[in-house]
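J.: Quick one: the structure is below, and I'll ask about it shortly.
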Amino acid sequence: MTTPRALANRWKRFADWDERPLRLDKFAVEDARNGFAAFSSPNDPKPSIVIADGRVAKLDGVAAADFDMIDAFIARYHIDPALAPEAMAIPSSDYARMLVDMTVPRTTLTRLAHGLTPAKLAEVVTELSALEIAFAYSKMRARRTPGNQAHVTNAKDDPLQLAADAATAVAFGFDEIETTMRVSRNAWANALACCVGSSVGRMGTLFQCSSEEAEELRIGMAGFTSYAETVSVYGTEKTFIDGDDTPWSKAFLASAYASRGIKMRCTSGAGSELLMGFHEAKSLLYLEARCLCLQRGMGVQGTQNGGIDGAPLTCTLPGGMRELMAENLIAVWLDLECASGNDARATESEIRVGAKILPYLIAGSDLICSGFGSILKYDNSFNASLLNAEEMEDYLVLQRDFEADGGLTPVSETKVLELRKRAVEALGAVFDELGLMTPTEAMKDSVVAASGSDETESFTPRDAALISQAIQDKNITIVDVVKALATRGFQQEAENLLALVKLRVSGDYLQTSAVVRNDRVLSAVNDPNDYAGPGTGYRVGPERREQISNIRDVLDQHEVLRSERVHEAAEAARIRYRPLGEAKVAADPTDVVIGISPAFGIKLFRTLAGHALSDVLRALVGGIEGAGSAKARIIRMHHTADTSFLGLSAARLAGSGIGIGIQAKGTAIIHHKDRLPHNNLELFSNAPITRLEHYRRLGENAAAYARGELPEPVVVPYRGQANSRHHAQVALIYAIETGLTSEGAPPETVAIEFRETAS
Amino acid sequence: MSKDTLGIADYPLAEKRPELIEGHHGKRLADLTMDAVLTGSVSMEDLRITAKALRQQAEIARAAGRPTLADNFERSAELVAVPQEVIMRIYELLRPGRARNPEQLMAAAGELRNGHGALRMAAFVEEASAVYAKRGLFTRRY
C-alpha cells in the first residue's frame with residue numbers, strides 16, 4: 001500500500017506576496033460603460049467646434065441648444081471664438097509633438113489652448129507616454145521655481161500644536177500651509193494658531209483654513225488666511241448640482257475671493273464624478289478636461305488637480321497614475337497654476353508612493369503636493385497624504401538623490417526645537433494678551449517635544465471650540481494679533497505677519513502661481529517658466545544644491561577616524577601588536593598564516609559588525625590552533641589592502657600553503673598558494689553580518705585545509721540587508737587602508753599579545 | 001488700450017510701482033508700519049485690496065496673456081465695495097435650487113447693478129438665470 005503524495009496546491013511565493021502592503025490595495029477592472037476608464041471611453045465625444053456669428057454653435061459634437069451648464073460655461077468663457085477654428089484645425093498628433101518639443105515655446109501652446117475644447121485637450125495628452133507627459137509638464141508648468149504645500153492639522157485641533165507644527169512646516173520650506181478641523185466650529189482657533197505659527201522663522205508662507213465656504217471667506221476677511229483652494233468643480237452637470245453649486249455660483253465665489261484680496265484656486269480631479277455617481281460613462285480624463293476648461297473660463301489663477309479625493313480610486317485602474325499626470329498636464333497647458341495632487345494616500349505600497357512622486361519631483365511643479373502631510377498620518381484631518389511626516393526624510397533624500405528641487409530644505413534638530421518653542425510661546429502670549437485662554441508651561445513643553453498629538457497634554461477639542469467662539473465674539477482680526485505679538489515681545493513675528501497681510505493691498509499674489517520667496521512675490525508673471533532645453537528653465541544652483549544635500553548624519557573620513565579613535569584606547573588594553581621584522585616563507589607544514597591589512601589595529605579597531613579586532617584575531621587563532629594540528633602566524637601586509645591578495649600573499653608565506661587574509665573592516669578569506677588571486681577557498685564578503693563564531697570556524701577550516709581535508713565551507717547567513725547600510729563607511733574605511741599601502745613593501749611578522757580576556 | 005496700461009514690467013506693483021498703490025483711506029504702503037499699527041492708526045480696512053488695484057492687476061494679467069484671469073479681476077473689482085452679507089446672500093441664491101424662479105436672480109442682478117454699480121457682475125447673474133431656467137435648476141433641493 002502506498003500513501004498518496006500530498007501535492008502542494010499553491011506556490012508559497014503567493015503567500016509571501018499576500019503579506020505585502022501592496023495587497024491591501026484593491027484594483028478595479030477597466031469598464032468604460034460603468035465609468036471605470038482612465039483615458040478613453042466609447043462615450044467620450046470626438047473633438048469638434050463650430051463657430052457661428054462669433055459664438056460657439058457646437059462644442060465637441062453638442063449643439064448650443066443642447067448644452068448642459070458646463071458646456072454652456074466653457075463655450076461662453078473658455079473658448080476664444082476668434083482663435084478656435086485655427087487652434088482646432090491643428091491635428092492632435094501635432095500638438096502632442098509640440099508639447100514635448102523644447103523648441104516650441106510654452107506661450108505658443110498656452111495661447112492656442114484658448115481655442116481648444118475639452119475633448120481635443122484630452123485626445124492630445126492621451127497620445128503621450130508617462131515619460132513624455134512628465135517632460136511636457138516640466139516645460140509647460142507656469143512658474144519657473146518649484147514649490148510645495150503642507151497640511152498642518154492635528155487630531156485634537158490643539159492650537160498650540162498647530163502653531164508648533166506650522167512653524168516646523170515653514171522651516172522645512174513649504175510655500176503654503178493648509179489646515180482643517182476635526183470639529184468644524186474650531187475653524188477660527190485653527191486659523192489663528194496656524195497664522196501665528198507660520199510667522200515664526202521667516203515671512204511669507206501663505207496659509208489657508210479649509211472650512212465651510214461662507215466661514216472660510218469670513219476668516220480670510222479677518223486677515224488670518226491668504227489663500228483658498230477648496231472651491232470644487234465637477235465634470236458632469238448632475239455631480240456639480242450634488243456638489244451644491246453651479247459654474248456660475250463658483251465663478252461668483254472666485255470673484256468674491258479676489259475682491260477680498262485672497263489668492264484662490266479651484267479643486268477638481270479624476271474620479272470625483274465616479275465617486276459621486278454621475279459619470280455619464282465618460283473617461284476620467286475627458287471629465288477632468290471639462291473641469292479644467294471651466295476653471296480657466298472662471299478666471300481663477302490655478303487649480304488643485306491630479307485626482308485629489310479621487311486619486312485612490314483612479315489608481316485602481318489601468319493607467320490610473322498616468323492619467324493623474326495627464327490631467328495635471330492639461331491644467332498647466334491651460335496656463336493654470338497647478339497644485340498637482342500627490343496628497344491623498346493612493347496606495348499602501350511604499351514603492352507605489354515613491355513611483356508616484358518621482359515624476360513630479362524631477363519635473364517640478366508649482367506645488368508638488370497639495371499638500372504634503374507635514375504631520376503624522378493619524379494627525380492629518382484631511383486623511384493621510386501620499387507623503388507624511390513619517391516619510392519626510394525619505395523625500396528630503398530623494399531631492400538629494402536626483403538633485404531635484406522638491407521645495408523642501410533639511411532643518412537641523414536644534415533649529416526645529418528652537419522654532420517650535422518660539423511658536424508655542426508666541427501663541428501662548430497672543431492667547432493671553434487677547435484674553436482667549438492661557439496655556440500652562442507644561443502644556444507648551446509637551447507640545448514642543450511631541451511628534452504627534454498622542455504625546456501632548458494640551459488644549460482639548462472643547463477648549464479649541466471655546467477659543468474659536470471667543471475669537472469671533474471679540475471680532476479679533478489679524479491687526480489685533482500683530483499688536484499682541486509686538487506688545488509681548490514677538491517683534492519679528494509681528495513684522496512677518498504685517499508684511500504678509502500688506503501684500504493684500506497691491507494684490508500682487510493674486511496673479512498666477514504666486515508664492516512669497518525671500519520677502520518677494522514670485523509668480524508666473526515675474527518668474528515665468530522659460531524652459532527651452534538643457535541649461536534653461538529652473539536649475540538647482542550651487543547654493544540650493546548645498547541646502548538640498550545637507551541632510552543629517554552624513555559620513556566623511558574625519559567622522560570615521562573620530563569614531564575609530566573612541567575604540568583605540570579600549571583595544572590598546574586588550575591587545576598588543578609587536579612588529580618583528582620582515583616575514584619569510586616557512587617550511588613547517590603546520591604553519592597557517594593570517595595576513596592582516598595595513599591599518600588593522602593601527603588606525604582601525606573594529607569590524608563593520610562592531611567586533612573588536614582583538615576578538616576577531618583571538619577567534620581566528622583559536623580556530624586554527626584548536627585541534628592542535630596547526631599553528632597560526634600573523635603577518636601584516638604593507639603592499640596591499642585587497643582581501644584576495646592579502647589571502648594569497650599569506651598562503652604563499654605559509655608552510656602549509658594555506659593563508660587567511662583579513663581586512664580591518666572584517667572581510668576575510670581562506671586562500672591556497674597555488675590558486676589564482678580571485679579563486680579562493682572560502683570568502684566572508686559580508687563583514688557587517690559576520691559574527692565571532694564564523695571567524696572561529698574559518699580558522700578551523702583553514703587548519704583542515706592545511707591537513708589536506710575538505711571541510712564544510714562556512715556560510716554566513718544573509719537575510720537581504722541592503723549594502724546602503726555600510727557602503728559609504730566601507731569606502732571611507734578602505735581608503736584609510738589603501739592610504740597606508742606602499743608598493744613593494746615587504747610583509748612583516750607581528751607578535752600579538754592578548755592582554756586580557758575577550759571583551 | 002492706452003499707452004498707460006500696465007504691463008508685466010510693472011509687476012509686482014508693490015515693488016516696481018509702489019506709488020500706484022493706495023489703500024481705501026488713501027494710505028500708502030509706506031504708511032502701513034508697525035508703529036502705525038500699534039498706535040491704532042491702521043485698521044483692517046487699510047489692509048484691504050482696492051478696486052483700483054484689482055483693475056491694475058487685470059491689466060497685468062491681460063499683458064501676460066491671461067484674458068480670463070483679467071476678466072475675473074475686473075468682475076471682482078466691482079465686488080470690493082459690496083458688503084459681505086450681500087455677497088454671501090447672492091452667492092447662496094446662485095446655488096442650485098435656492099432661487100425658485102428667474103425673477104429672484106434678476107432681482108439680485110438689479111441690486112448689483114443699481115445698488116453697487118456692478119455692471120459686469122449683474123450681467124453675469126442674469127446670464128446664470130437664463131441658463132438655470134433652461135437646465136431646470138429652479139427646483140427645490142431640500
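J.: For the range A:571-641 and the range A:360-392, write down the distance between their C-alpha centroids in whole Å.
T.: Using only Cα atoms to place each centre, the spacing works out to 53 Å.
J.: Enumerate the calculated ³J(HN,Hα) couplings along the range A:331-336 in order (Karplus 6.51 cos²θ - 1.76 cosθ + 1.60, θ = phi - 60°), each rounded to whole Hz, writing x wherever the residue is Gly or Pro.
T.: Per residue, the Karplus-derived 3J(HN,Hα) values read 4, 6, 5, 7, 6, 9 Hz.
J.: Moving on to the next point. Could you work out the relative contact order of chain A, using alpha carbon pairs under 8 angstrom and six or more residues apart, expressed as a whole percent? If you can, show how the numbers build up before the last one.
T.: Numbers: 1619 pairs, mean separation 103.1, N = 759.
Worked out over chain A, it gives 14 percent.
J.: To continue, here is another question. Given the Cα atoms of the range A:416-557, and with Rh set as the inverse mean 1/r over their pairs in the Kirkwood sense, what is Rg to Rh to two decimals? Don't jump to the answer; show the numbers that get you there.
T.: Details: Rg = 20.5 Å, Rh = 19.0 Å.
With Rg and the Kirkwood Rh in hand, the quotient comes to 1.08.
J.: For the range A:286-403, treating each Cα as an identical point scatterer without solvent, what Debye log10 I(q)/I(0) comes out at q = 0.17, 0.18, 0.19, 0.22 1/Å?
T.: Listed by q, the Debye log ratios stand at -0.82, -0.91, -1.01, -1.27.
J.: A follow-up question, please. Give me Rg over Rh for the range A:608-690, both radii from the alpha carbons and Rh done the Kirkwood way, two decimal places.
T.: Working: Rg = 12.1 Å, Rh = 12.9 Å.
Taking Rg over the Kirkwood Rh, I get 0.94.
J.: Additional query: Provide B:SER43, A:SER374, A:SER644, A:SER93 in ascending order of the number of other Cβ atoms located within 10 Å of each residue's Cβ, fewest first.
T.: Fewest-to-most ranking of B:SER43, A:SER374, A:SER644, A:SER93: A:SER93, B:SER43, A:SER644, A:SER374.
J.: Something else about it: Counting DSSP beta bridges with both partners in the protein assembly as shown, what percentage is antiparallel, nearest 5? Intermediate results must be reported in sequence, preceding the final value.
T.: Details: 30 of 62 bridges.
Bridges in the protein assembly as shown are about 50 percent antiparallel.
J.: With axes computed from alpha carbons, what is the tilt in degrees of helix A:284-298 against the longest principal axis of chain A, rounded to the nearest 10 within 0 to 90?
T.: 50
J.: Once you wrap a convex hull around the alpha carbon atoms of chain A, what is its projected area averaged over all directions, in nm²?
T.: Values: hull surface 180.3 nm².
That works out to 45.1 nm², a quarter of the Cα hull's surface.
J.: Output needed: percent of Cα pairs per 10 Å distance bin for the range A:496-550, bins running from 0 to the one holding the longest distance.
T.: Calculated P(r), rounded to whole percents: 20, 37, 31, 11, 0.
J.: In peptide B:120-126, how many Cβ atoms from other protein chains are near each Cβ within 10 Å, on average?
T.: Details: counts 1, 4, 0, 0, 5, 3, 0.
Partner-chain Cβ atoms within 10 Å, mean over residues of B:120-126: 2.
J.: For an R0 of 60 angstrom, estimate the FRET efficiency from the Cβ-Cβ distance between A:HIS678 and A:ASP31 and round to the nearest 0.05.
T.: On the way: r = 57 Å, r/R0 = 0.96.
Once rounded, the FRET efficiency stands at 0.55.
J.: Please compute the volume of the convex hull spanned by the alpha-carbon atoms of the range B:82-142 and report it per residue in Å³.
T.: Given the Cα convex hull of the range B:82-142, per-residue volume reads 61 Å³.
J.: Still on this structure: With the Cα gyration tensor of chain B in hand, give its eigenvalues times 5 under a square root as the equivalent ellipsoid semi-axes, listed largest first in whole angstrom. Working shown, then result.
T.: Details: eigenvalues 244, 84, 25 Å².
They are 35, 20, 11 Å, listed from largest to smallest.
J.: Could you work out, for the range B:1-77, what percent of all Cα-Cα pairs fall into each 10 Å distance bin, beginning at 0 Å and stopping at the bin that holds the largest distance?
T.: 19, 44, 27, 10, 1
J.: Going by alpha carbons, how many degrees (0 to 90, nearest 10) lie between the helix axis of A:159-171 and the longest principal axis of chain A?
T.: Here the helix axis deviates by roughly 70 degrees.
J.: Same structure again: Within the P(r) computed for the range A:557-754, what percentage of the Cα pairs occupies the region above 30 Å? Let's see the in-between values first.
T.: Working: 2435 of 19503 pairs.
Taking all Cα-Cα pairs of the range A:557-754, the fraction more than 30 Å apart is 12 percent.
J.: Taking the Cα centre of each part, how many Å lie between the range A:535-566 and the range B:1-36?
T.: Going from one Cα centre to the other spans 43 Å.
J.: Related question: Going by how many other Cβ atoms sit within 10 Å of their own, how do A:ILE476, A:ILE330 line up, fewest first?
T.: Numbers: A:ILE476 21, A:ILE330 27.
By the 10 Å Cβ count, ascending: A:ILE476, A:ILE330.
J.: What ratio of Cα Rg to 2.2 N^0.38 Å holds for the range A:688-759?
T.: Cα-based Rg divided by the globular estimate yields 1.51.
J.: About its Cα centre, how strong a charge dipole does the range B:1-77 have in debye, to the nearest 20, once Lys and Arg get +1 and Asp and Glu get -1 at the Cβ? Spell out each step's value before the answer.
T.: On the way: 11 positive and 12 negative charges, 57 e Å.
For the range B:1-77, the charge dipole is close to 280 debye.
J.: Amide H to amide H, which residues 5 or more places from A:ARG633 or on other chains are under 5 Å from it, using H placed in the peptide plane?
T.: A:VAL592, A:VAL593, A:ILE594
J.: For the range A:680-700 and the range A:134-213, what is the separation of their Cα centres, given in Å?
T.: Taking the Cα centre of the range A:134-213 as reference, the centre of the range A:680-700 is 54 Å away.
J.: Taking A:LYS631 as the anchor, which lysines have their alpha carbon closer than 30 Å to its alpha carbon, excluding any fewer than eight residues away along the same chain?
T.: A:LYS584, A:LYS603, A:LYS665, A:LYS673
J.: Another one. Exposure proxy check: B:GLU45, A:GLU30, A:GLU337 ranked by fewest other beta carbons within 10 Å?
T.: Values: B:GLU45 11, A:GLU30 14, A:GLU337 29.
Ascending number of Cβ neighbours within 10 Å: B:GLU45, A:GLU30, A:GLU337.
Bear in mind these aren't lab numbers, they're just calculated from the coordinates by the rules spelled out. Since this is a predicted model, take the numbers as computed values, not measurements. Positions of Cβ are backbone-derived with ideal geometry, glycine not excepted, and every protein chain shown enters the neighbour counts.
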